[in-house]
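K.L.:
The structure follows.
The values are calculated or read from the model by the stated rules, or taken from the named source; none is laboratory data. Everything numeric in this text was worked out from a predicted model, so none of it was measured. All Cβ positions, even for glycine, are placed from backbone atoms using ideal geometry, and neighbour counts span all protein chains on display. Heads up: the accessible areas ignore ligands, DNA and RNA and are worked out on the full protein's heavy atoms, side chains in. Shrake-Rupley method; radii C 1.70, N 1.55, O 1.52, S 1.80 Å.
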Amino acid sequence: MTLPSDLPTPDGDAATARSRRDLLVAGHDGRMFTETIGRPLHRAQQTAQTYRAAADHAELDRCGAPDRVWLRGQSALCHRRARIAADEAALATEQKQPGQAAAWAALADRYATAARHLGRPAPVRTDAITNLRAAADALEALTPTIPAQAAAPLSCIALFSVDSGRQALDNARRGNGPVLKHVNTVEVELLLFTAYAQGQAETGYHIAKQAVRALDRARKTAPEDEAEAMDPQALATAFELSEQALDAAEAAAPPAP
């Protein structure tokens with residue numbers, strides 16, 4: 001039987017990354033997409049803080065210890081996040097973005113390392129504390145190992161593509177291919193832009209957030225099991241806002257990695 005502590009860093013798959021992106025943008029105004037794909041380093045830092053706090057609490061509370069079930073659950077969580085990062089690395093490689101691919105691969109390795117630490121047997125409290133701190137160390141070691149991307153916030157890896165967003169928007173307006181797929185692509189690029197722009201290009205950030213909400217509203221006008229039958233007026237409004245947001249993104253675009 002393969003234990004969590006024996007799991008290797010997973011291999012990535014670009015097709016899985018694309019499918020996951022489509023699923024993530026479809027709900028909660030893209031919040032899950034932003035957390036998972038838009039600001040993955042921020043989430044890794046928060047996770048490390050959670051593990052370090054749990055270790056400190058267990059050390060101070062000598063009558064308590066981290067629950068073994070919780071530790072194994074966290075090991076599985078880190079392994080899932082390692083797989084997501086590995087898939088994104090494969091997608092970046094396919095798109096000929098070596099800097100992003102290297103950064104995602106480094107994140108996958110750190111999550112896989114954390115998963116192995118958390119999956120180790122912890123028969124006594126001190127072992128659990130050691131494993132938690134080792135997992136936190138693994139995730140906190142990300143910053144110096146992530147290749148720098150010019151003008152990108154430290155919490156970001158994937159950068160937005162205005163060209164991809166404009167092409168998808170044009171295809172959606174013309175009805176070239178599945179409209180929902182194009183809508184999802186536009187929203188992916190706008191969400192990546194919001195992750196980049198928050199705190200440094202506030203006007204563009206707010207325009208893009210309005211466009212994302214409009215795209216989400218348009219998507220929800222489609223009857224169940226008829227994803228392509230979105231309300232034309234809602235789509236027109238969303239497309240107009242998306243065009244404005246892409247203009248703002250182009251004005252704020254970072255240098256290509």
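K.L.:
Of all residues in segment 165-179, how many are open to solvent by 40 Å² or more (accessible area, probe 1.4 Å) and part of a helix (DSSP H, G or I)?
P.N.:
From segment 165-179, those open to solvent by 40 Å² or more (accessible area, probe 1.4 Å) are 166-167, 170, 173-178; that's our starting set.
Next, only the ones that are part of a helix (DSSP H, G or I) stay: 166-167, 170, 173-174.
Total satisfying the criteria: 5.
K.L.:
Any residue at all in segment 78-95 that is farther than 21 Å from Ala141 by Cβ, β-branched (Val, Ile, Thr) and at pLDDT below 90?
P.N.:
no
K.L.:
Is there any pair linking a residue in segment 234-247 that is farther than 16 Å from Leu180 by Cβ to one that is surrounded by fewer than 22 Cβ atoms within 10 Å (Cβ to Cβ), with Cβ under 6 Å and at least six apart or on different chains, and which?
P.N.:
Within 6 Å, the pairs are Thr237/Ala214; Leu241/Gln210; Leu241/Ala214; Leu246/Val162; Leu246/Arg166.
K.L.:
Run Ala227 past the list (1) hydrophobic (A, V, I, L, M, F, W, C); (2) crowded, with 22+ Cβ neighbours inside 10 Å; (3) closer than 18 Å to Gly30 by Cα and report the number of the one that doesn't hold.
P.N.:
Unmet for Ala227, out of (1) hydrophobic (A, V, I, L, M, F, W, C); (2) crowded, with 22+ Cβ neighbours inside 10 Å; (3) closer than 18 Å to Gly30 by Cα: (2).
K.L.:
Also, I was wondering about something else. Considering only segment 237-253, state which residues are modelled with pLDDT under 95 and surrounded by fewer than 16 Cβ atoms within 10 Å (Cβ to Cβ).
P.N.:
Of everything in segment 237-253, those that are modelled with pLDDT under 95 and surrounded by fewer than 16 Cβ atoms within 10 Å (Cβ to Cβ) turn out to be Glu250, Ala251.
K.L.:
Do you know which of the residues in segment 123-144 that are surrounded by 21 or more Cβ atoms within 10 Å (Cβ to Cβ) and hydrophobic (A, V, I, L, M, F, W, C) is nearest to Arg68 (Cα to Cα)? Full working, then the answer.
P.N.:
Kept after step one, since they are surrounded by 21 or more Cβ atoms within 10 Å (Cβ to Cβ), are these residues of segment 123-144: 128, 131-132, 135-136, 138-139.
Adding the requirement that they be hydrophobic (A, V, I, L, M, F, W, C) leaves 128, 132, 135-136, 138-139.
Values: Ala128: 8, Leu132: 11, Ala135: 15, Ala136: 17, Ala138: 20, Leu139: 20 Å.
My answer is Ala128.
K.L.:
Out of all the residues in segment 93-112, is one or more assigned to a loop (DSSP other than H, G, I, E, B), surrounded by fewer than 19 Cβ atoms within 10 Å (Cβ to Cβ) and more than 16 Å from the chain's Cα centre (by Cα)? Don't jump to the end; show me each part of the working.
P.N.:
Taking segment 93-112 and keeping what is assigned to a loop (DSSP other than H, G, I, E, B), we get 95-97.
Now narrow it down to the ones that are surrounded by fewer than 19 Cβ atoms within 10 Å (Cβ to Cβ): 95-96.
If we keep only those that are more than 16 Å from the chain's Cα centre (by Cα) as well, we get 95-96.
Scanning segment 93-112, I find at least one residue that is assigned to a loop (DSSP other than H, G, I, E, B), surrounded by fewer than 19 Cβ atoms within 10 Å (Cβ to Cβ) and more than 16 Å from the chain's Cα centre (by Cα), so the answer is yes.
K.L.:
Something else about it: Within segment 186-209, can you find the residues that are without any contact (Cβ under 8 Å) to a residue 40 or more places away in the chain and surrounded by fewer than 16 Cβ atoms within 10 Å (Cβ to Cβ)?
P.N.:
Once the filter is applied, which keeps residues that are without any contact (Cβ under 8 Å) to a residue 40 or more places away in the chain and surrounded by fewer than 16 Cβ atoms within 10 Å (Cβ to Cβ), segment 186-209 yields Glu202, His206.
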